[in-house]
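Enquirer: Here's a structure for you.
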Amino acid sequence: MPRPTSPRTAKAVLGASAVLLLATACGAGSDSGGAITMPPGASTPPMTTMPTMPTMPGMSATGGGSVASKVPVVANHVNIKDFKFQPAILRVNAGVAVTWTNLDEEPHTVVGGPLRSAVLAGGQASYSFTFSKPGTYSYQCSIHPFMHGTVVVT
């Protein structure tokens, strides 16, 4: 007759079985034929830490985009670099001139609303515009329409 087990023991056995099944299905211990070698006296497989995943520019290690790219920056200059307007959102007072400088090797433009730059050749070409009225001005690069930016004028 099987001996009764406590719910806690049953959960531990079930959890260890699930870990073993998952590890075997994922090919753990391929050098040992898929079996997991456990230290003597251990009831569950040893825990290992996962390697840190690399992140891409603009991403945090916890996922999602960079929060800083969504917060308006108070300045009067936008760099065009790595096919991005940096900062993506700029806050200025009315009457301030904003200058965009293309630091990429590829040509870019700044267009939208009253903004109409010529093609800014790669390597330090720039365009300036003075915002006289408050409002939110969205713009993009007409050559690379995935590039967007915003100027908030107060």
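The values are calculated or read from the model by the stated rules, or taken from the named source; none is laboratory data. Quantities reported herein were computed from a predicted structural model and do not represent experimental measurements. Each accessible area value is taken on the protein alone, full model and side chains, heavy atoms only, with ligands, DNA and RNA left out. Shrake-Rupley method; radii C 1.70, N 1.55, O 1.52, S 1.80 Å.
Enquirer: For the stretch 90-147, just list the percent of Cα-Cα distances falling in each 5 Å bin from zero outward, please.
Expert: 4, 20, 28, 25, 14, 8, 1
Enquirer: What figure, in Å² to the nearest 10, do you get for the accessible area of T154 with a 1.4 Å probe and non-protein molecules left out?
Expert: Taking all protein chains as shown, T154 has close to 80 Å².
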